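Below: one structure, written as structure tokens.
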Amino acid sequence: MSQLERRPLIAGNWKMNGLKASSAELVRIIQGAANVGAGADLLICPPATLIMSFAEAARGSRIAVGGQDCRAEPSGAFTGDVSAEMLADLGATAVIVGHSERRTLHQETDAVVRAKAAAAWRAGLTAIVCIGETRAEREAGQTLAVLGRQLDGSLPAGVSAANLVIAYEPVWAIGTGLTPTSGDVAQAHEFIRERIVATHGEAGQAVRILYGGSVKPSNARELMAIANVDGTLVGGASLKATDFLGIAAAYS
Ligand code: PEP
């Protein structure tokens, strides 16, 4: 399957940012999206507290709404946690799992991430599974080994284009303003594509692989032109409608 046949996805990860008043920014994104990025799917993942109101505001628009994490269990004595079913109940259609901040700050292992991805599928959500190497791992020449290990450990059986998106996010590029060279991104994405197909069969050809890490309007076009880069997961720049839409414009 060629890159052209995979519909790109621009996903915004708001992290722990946003209050009720942030719906004004969402409205700007919804309105602006009518004019840019016609060739791409657009997704905003606000904090859990805003999913319901964002999903209601975005209903009927081009903007889909997703969660940033979920617990693997559907319900139970897990104080403070949110299940995939709860996200779906609020109107989310996707959920990020295994973000490096979760892997680092909450000690999430590949097995935990795999269980969360399976939970997302159980609830009918698309799982956006994040993988990526640290700076030390890159400098030690371990990047592809790390990506292979994370892919093997984090993906449940039964992947499809509808239920899975992979986000390659070098940890050292997140929020730092640093990005890998185009050659490094191309190598990582080609490796990820080959690994998914080898492990999960031809369905892996249709799975979208996003690049994430300091993407902004000024570098989006170059990054998105790389083979096997089927869109982007955007952190900081997704908080501002002009920046998020400027990135989406790479697909106009
Ligand atoms: C992220 O946290 O997923 C991310 C890509 O952040 P940023 O765009 O701010 O580097």
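The values are calculated or read from the model by the stated rules, or taken from the named source; none is laboratory data. Values in this document were obtained by computation on a predicted structure and should not be read as measured data. As a convention, Cβ positions derive from the backbone with ideal geometry for all residues, glycine included, and neighbour counts pool all protein chains shown.
Some points to look at:
- In region 48-76, the residues that are closer than 19 Å to Ala21 by Cβ and among the small types (Gly, Ala, Ser) reach residues that are part of a loop (DSSP other than H, G, I, E, B) and at pLDDT 95 or above with C-beta atoms within less than 6 angstrom, at least six apart or across chains, in these pairs: Ala48/Val82; Ala55/Gly91.
- Qualifying residue in region 4-20 (condition: in a helix (DSSP H, G or I) and closer than 25 Å to Gln205 by Cα): yes
- Hits in region 26-50 (condition: within 16 Å of the ligand (Cβ to nearest atom) and either part of a strand (DSSP E or B) or more than 16 Å from the chain's Cα centre (by Cα) (or both)): Ile29, Leu42, Leu43, Ile44, Cys45
- Close Cβ contacts (under 6 Å, 6 or more residues apart or on different chains) running from residues in region 202-218 that are part of a strand (DSSP E or B) to residues that are among the acidic types (Asp, Glu) comprise Arg208/Asp230; Ile209/Asp230; Gly212/Glu169.
- Hits in region 213-243 (condition: away from the ligand (no atom under 12 Å from the Cβ), closer than 17 Å to Thr181 by Cβ and in contact with a strand residue (DSSP E or B) (Cβ under 6 Å, 6 or more places away or on another chain)): Asn228, Val229
- Matching option when the condition is farther than 19 Å from Leu87 by Cα and more than 18 Å from the chain's Cα centre (by Cα), among Ala167, Ala173, Ala136: Ala136
- Summed over region 84-98, residues that are away from the ligand (no atom under 16 Å from the Cβ), touching a Ser or Thr at 6+ places or on another chain (Cβ under 8 Å) and at positive phi total 0.
- Scanning region 45-101 for residues that are surrounded by 20 or more Cβ atoms within 10 Å (Cβ to Cβ) and hydroxyl-bearing (Ser, Thr, Tyr) turns up Ser83, Ser100.
- When region 152-164 is limited to residues that are within 23 Å of Gly124 (Cβ to Cβ) and either at pLDDT below 95 or touching a Lys or Arg at 6+ places or on another chain (Cβ under 9 Å) (or both), the one that is surrounded by the fewest Cβ atoms within 10 Å (Cβ to Cβ) turns out to be Ala161.
- Meets criteria (at pLDDT 95 or above and more than 15 Å from the chain's Cα centre (by Cα)) for Ser53: yes
- Listed by position, the helices (runs of 4 or more DSSP H) contained in region 99-201 that have at least 3 residues being touching a Gly at 6+ places or on another chain (Cβ under 7 Å) and away from the ligand (no atom under 16 Å from the Cβ) are 110-122, 182-200.
- Tallying residues that are assigned to a loop (DSSP other than H, G, I, E, B) and surrounded by fewer than 17 Cβ atoms within 10 Å (Cβ to Cβ) within region 219-252 yields 4.
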